[in-house]
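Undergrad: Quick one: the structure is below, questions incoming.
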Amino acid sequence: MSDAEDPTDELARDFTAHRNLLFTVAYEMLGSAADTEDVLQEVWLRWAAARSAQDADEVRDPRAYLVRITTRLSLNRLRTLARRREDYVGPWLPEPLLTTPDVAEDVELAESVSTAMLLVLETLSGTERAVFVLREVFDLPYDEIAEAVGKTPAAVRQVAHRARSHVEARRPRTSASADEHRAVLERFRDATANGDLQGLLDVLSPDVVLVTDGGGKRQAALRPILGVDKVLRFLTAVTPESIELVPVWLNGQPAMRFVIDGITDGVGAALVEDGVVTALYLVRNPDKLGRLEDVVPLARS
């Protein structure tokens, strides 16, 4: 640091250099951008306090320190979220993020923040989720993960194995490329716009599942809907003729924004396997639509 540099500027510079990484870590653990921002605010306060105290041992590696604190605070927040989601009305879906198309170029990152994967991660315990994210997505060494979750490296290896097996048993069996994903959604949008029932039947799997998240604040199904016939009946009943399906990139994948009279009414993501939609995830809860105007930068390093 130069003699003229303000220590506060150095603090902010070092924190900002890692902020996208920290956001991605916390979001993958929480599935909520709002809660992620709260966590990062607390991380900043802890970071500033540690640096102000000149605790060299704590901050000798800024990246490792910041990831460690982000993980610990996210684990604490998960406990609060678990209680909150017990009272959630209807199915819960992750808060969608507006991302750039180039996120899809990092296949592992795009998959890890996809709606389908975040729902799989929801089935893990907090510690399992933290270990899986830090190891499988961010490739952190076991000793660093151990410090973050308060376990020995040997115990972390066991947790990682258990979490990996759990995720592998539940993750989608095939992964469509971004181009394939976009092409299938284009067929879905065209069929919807033209009222083409056969086109919708062709693009939706017979066993398609529809999950809608209204949070008790917008009309939505209170349970997942299974089967193409039931899904089409529900969509036909609730979709106004004036709706426009606008292409958008959410969570590193092609998706849809639902616009009615120029106002965003919700968003839709899809799981695409073998050229058809096997799951539709529709978010209408207005509390989760705040990240749709500004692109959220994500990073693994």
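The values are calculated or read from the model by the stated rules, or taken from the named source; none is laboratory data. What you are looking at is a predicted structure, and each value in this text was computed from that prediction instead of being measured. As a convention, Cβ positions derive from the backbone with ideal geometry for all residues, glycine included, and neighbour counts pool all protein chains shown. For accessibility, only protein heavy atoms count, side chains too; no ligands or nucleic acids. Shrake-Rupley method; radii C 1.70, N 1.55, O 1.52, S 1.80 Å.
Undergrad: From the backbone phi of segment 179-193, what are the Karplus-calculated ³J(HN,Hα) couplings (6.51 cos²θ - 1.76 cosθ + 1.60, θ = phi - 60°) in whole Hz, Gly and Pro given as x?
TA: Those phi angles translate into 5, 5, 4, 5, 5, 5, 5, 4, 5, 5, 5, 4, 5, 5, 5 Hz.
Undergrad: Would you please give the FRET efficiency between L45 and Q198, computed as 1/(1 + (r/R0)^6) with r the Cβ-Cβ distance and R0 = 51 Å, to the nearest 0.05?
TA: With a Förster radius of 51 Å, E is 0.35.
Undergrad: Starting from the amide H of L250, placed 1.01 Å from N in the peptide plane, find each other amide H under 5 Å away whose residue is 5 or more places distant or on another chain.
TA: Long-range HN contacts for L250: T99, A255.
Undergrad: Residue by residue through segment 147-160, what is 3J(HN,Hα) from phi via Karplus (6.51 cos²θ - 1.76 cosθ + 1.60, θ = phi - 60°)? Round to whole Hz and write x for glycine and proline.
TA: 5, 6, 9, x, 10, 6, x, 5, 5, 4, 4, 5, 5, 4
Undergrad: Further question: If amide hydrogens are placed 1.01 Å from N in the peptide plane, which non-local residues have theirs closer than 5 Å to the one on A221?
TA: Hits under the 5 Å cutoff: T212.
Undergrad: Which order do you get for E180, E28, E128, E241 if you rank them by accessible area with a 1.4 Å probe, largest at the top?
TA: Largest to smallest exposure gives the sequence E241, E180, E128, E28.
Undergrad: Rule-of-thumb check for the chain: C-alpha Rg over 2.2 N^0.38 Å?
TA: Ratio of Rg to 2.2 N^0.38 Å for the chain: 1.08.
Undergrad: With runs of 4+ DSSP H residues as the only contributors, calculate the mean residue ellipticity of the chain at 222 nm using -39,500 (n - 2.57) per run, divided by the residue total and rounded to the nearest 500.
TA: Value at 222 nm, helices only: -16000 deg cm²/dmol.
Undergrad: Continuing with the same structure: Go through 80-92, 108-120, 152-164 and give me the packing order, highest mean Cβ count within 10 Å leading.
TA: 108-120, 152-164, 80-92
Undergrad: Cut-off under 27 Å on the C-alpha distance; same-chain residues fewer than 8 positions from K230 excluded. Which lysines are left, in chain and number order?
TA: Counting by Cα, and skipping residues close in sequence, K230 has these lysines nearby: K217, K288.
Undergrad: For V208, what residues show an amide H to amide H distance below 5 Å, using hydrogens built from the backbone and excluding near sequence neighbours?
TA: G227, V228
Undergrad: Taking the full set of protein chains and a 1.4 angstrom probe, give the accessible area of S301 in square angstrom, rounded to the nearest 10.
TA: Around 110 Å² of this residue is reachable by solvent.
Undergrad: Calculate, for the chain, the solvent-accessible area per residue in square angstrom, rolling a 1.4 angstrom probe over the heavy atoms of the protein chains.
TA: 49
Undergrad: Quick one: what are the phi-derived ³J(HN,Hα) couplings along segment 128-139, Karplus 6.51/-1.76/1.60 with θ = phi - 60°, whole Hz, x for glycine and proline?
TA: 4, 5, 4, 5, 4, 4, 5, 8, 7, 8, 9, 6
Undergrad: Let me ask something additional. Leaving ligands, DNA and RNA out of it, work out the accessible area of F188 with a 1.4 Å probe and give it in Å² to the nearest 10.
TA: Rounded to the nearest 10, that gives 20 Å².
Undergrad: How would L201, L232 line up by accessible area, probe 1.4 Å, largest first?
TA: Sorted descending by solvent-accessible area, the residues read L201, L232.
Undergrad: For the chain, calculate the relative contact order in percent as a whole number, restricting contacts to Cα pairs under 8 Å that are 6 or more residues apart.
TA: 23
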